[in-house]
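Structure, as structure tokens:
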Amino acid sequence: MLVSYPALFYYDDSDDVDAKFFVSFPDFSGQAGTQGIDIPDAMCMASDWLGMVLADTIENGREIPTPSSINRLSLIANHPLKNDQEVETVFDTEKSFKSMVTVDVSQYLGSQEPVKKTLTIPKWADKLGREMQLNFSKTLTDAIADRKLNI
């Protein structure tokens, strides 16, 4: 189950930082983001961070935020530390950017141990599913996750 959220990538070229990109997810306010040494690393770390946070949210029954429109986000207005008096926020606006980050949440969910369930579906749905060679267990699992994720 693929999920996408907007992320803000802040570039900091200061000599005292090894990871040049700090990544923030505005829809997950109050949670730290991640970082990367360059764009590919930052994108990979962002996807990994998103997968872990969403899996933890699902597994603990918390509400999953609806992804914001990336076009409504601003690197300046949505900077996670903009109101923190103790932290000086330095980033290069020319090299910083917004991007959607995608992750397959199913790869991050914990217990994949199967649980046997018996279900009843209409005869037409059974026939159609068999014709389509559906894996009924996978289809139901995906539908449950999609409903939780509001997809």
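Laboratory data are not the source of any read-out in this text; all were calculated from the coordinates shown. The model shown is predicted, which means the values in this text are computed figures rather than measured ones. Note: ideal-geometry Cβ built from the backbone for every residue, glycine included; neighbour counts use all protein chains shown.
Here is a check on your reading of the model: is ASP38 farther than 15 Å from SER99 by Cβ, of a type in the set (D, E, K, R) and loosely packed, with under 13 Cβ neighbours inside 10 Å? Walk me through it before giving the result.
Numbers: farther than 15 Å from SER99 by Cβ: no; of a type in the set (D, E, K, R): yes; loosely packed, with under 13 Cβ neighbours inside 10 Å: yes.
When the stated conditions are applied, ASP38 does not pass them.
Being in a helix (DSSP H, G or I), out of contact with any Ser or Thr (no Cβ under 6 Å at 6 or more places or on another chain), more than 23 Å from LYS148 (Cβ to Cβ) and acidic (Asp, Glu) is true for just one of ASP41, ASP48, ASP56, ASP18. Which residue is that?
On the way: ASP48 fails: more than 23 Å from LYS148 (Cβ to Cβ); ASP56 fails: more than 23 Å from LYS148 (Cβ to Cβ); ASP18 fails: in a helix (DSSP H, G or I).
Result of the check over ASP41, ASP48, ASP56, ASP18: ASP41.
For segment 124-145, give me the residue count where each residue is surrounded by 13 or more Cβ atoms within 10 Å (Cβ to Cβ), aliphatic (A, V, I, L, M), part of a helix (DSSP H, G or I) and free of Cβ contacts under 8 Å to residues at least 24 places away in the same chain.
Qualifying residue count for the region: 1.
Please state which of the following conditions LYS98 fails to meet, knowing it meets all the rest: (1) among the charged types (D, E, K, R); (2) closer than 11 Å to ALA7 by Cα; (3) exposed (fewer than 14 other Cβ atoms within 10 Å of the Cβ).
(3)
Which members of segment 101-123 meet the condition of being farther than 23 Å from GLY51 by Cβ and exposed (fewer than 10 other Cβ atoms within 10 Å of the Cβ)?
Here is the first cut: in segment 101-123, the ones farther than 23 Å from GLY51 by Cβ are 116-123.
Once the filter is applied, which keeps residues that are farther than 23 Å from GLY51 by Cβ and exposed (fewer than 10 other Cβ atoms within 10 Å of the Cβ), segment 101-123 yields LYS116, LYS117, THR118, LEU119, THR120, PRO122, LYS123.
Taking ASN78 and the conditions (1) touching a residue at least 60 places away in the same chain (Cβ under 8 Å); (2) in contact with a strand residue (DSSP E or B) (Cβ under 8 Å, 6 or more places away or on another chain); (3) farther than 14 Å from LYS98 by Cα, which numbered condition does it fall short on, given that it satisfies the others?
ASN78 satisfies every listed condition except (3).
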